1. When region 88-125 is examined, which residues are found to be hydrophobic (A, V, I, L, M, F, W, C) and in a helix (DSSP H, G or I)?
2. Restricting the first residue to region 28-46 and requiring it to be among the small types (Gly, Ala, Ser), which pairs with a second residue that is surrounded by 13 or more Cβ atoms within 10 Å (Cβ to Cβ) and assigned to a strand (DSSP E or B) meet a Cβ separation below 7 Å and a spacing of at least six or different chains?
3. Determine, yes or no, whether residue 22 is at pLDDT 50 or above, closer than 17 Å to residue 148 by Cβ and surrounded by 12 or more Cβ atoms within 10 Å (Cβ to Cβ).
4. Being assigned to a strand (DSSP E or B), under 13 Å from the mean Cα position of the chain (by Cα), farther than 13 Å from residue 24 by Cβ and modelled with pLDDT under 90: is that true of residue 131 here?
5. Here are some conditions: (1) modelled with pLDDT of 80 or more; (2) assigned to a helix (DSSP H, G or I). Residue 60 meets all but one. Which one does it not meet?
6. Evaluate region 144-153: report whether one residue or more is exposed (fewer than 15 other Cβ atoms within 10 Å of the Cβ) and among the hydrophobic types (A, V, I, L, M, F, W, C).
7. On the basis of being touching a Phe, Trp or Tyr at 6+ places or on another chain (Cβ under 9 Å), outside any strand (DSSP E or B), buried (at least 17 other Cβ atoms within 10 Å of the Cβ) and modelled with pLDDT under 80, does residue 66 make the cut?
8. Filter region 44-57 down to the residues that are buried (at least 18 other Cβ atoms within 10 Å of the Cβ) and over 20 Å from residue 153 (Cα atoms), then identify the one that is modelled with the lowest pLDDT.
Amino acid sequence: MKKLYLIIFICTCLQFESEAQASVNEMVGQIKKTEHYKGISLPGWIIRLTLKIASKSDADFENNGLAQIANHIQSMRVATTHLDLTKFNTTEIINNFMVNVKDKDGFEEYISARSEDLNLKIMIREKKDVIKNILIMNADGGDIAVVHLKTDMDINDLKNISFNEIKKDARNIKIDAE
């Protein structure tokens, strides 16, 4: 009988976690239906392994800002598409996605940037000062990109990210393709 209660408890916990990103899955599902969809899902260990292989040495890896962020990433999902601007308003699509994830999954707007044909939204979902999800949505002309990161990042870690340091680290990583 204890096993039955344990199984029910585990299933309930898994269901709550999957419901916490239901609108993100719905959004990616809509993007998948488009003609020019491209996407990938990666577990966090592959991201960390790739950065470690690309680093010149273990010391470079340990001091790398990208690696420090990657240590908190559990998984990453990327979905992109290109839409015909005569038929679709990509800025409105991103805004609707944003409202949907706010209402359904409890995401909060972290950063929003907009120009003539660029619309960028970064949303986070946190639990007790730990960021559980980061959602980056971008509309640039007819292109839409969505990046969903499942993390265990402390909110202060996100505030302390130096994007200049990350750019410098990214330039130092050399990937040989033959």
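1. The answer is 93, 94, 97, 98, 99, 101.
2. If the second residue must be surrounded by 13 or more Cβ atoms within 10 Å (Cβ to Cβ) and assigned to a strand (DSSP E or B), the pairs left are 39/78; 39/79; 39/80; 41/75; 41/77; 44/73; 44/74; 44/75.
3. yes
4. Yes: the conditions hold for residue 131.
5. So residue 60 meets the others, but not (1).
6. For region 144-153, residues exposed (fewer than 15 other Cβ atoms within 10 Å of the Cβ) and among the hydrophobic types (A, V, I, L, M, F, W, C): absent.
7. In short, no.
8. My answer is 55.
The values are calculated or read from the model by the stated rules, or taken from the named source; none is laboratory data. This is a predicted model, so every value here is computed, not measured. Backbone-built Cβ (ideal geometry, glycine too); neighbour counts: all protein chains shown.
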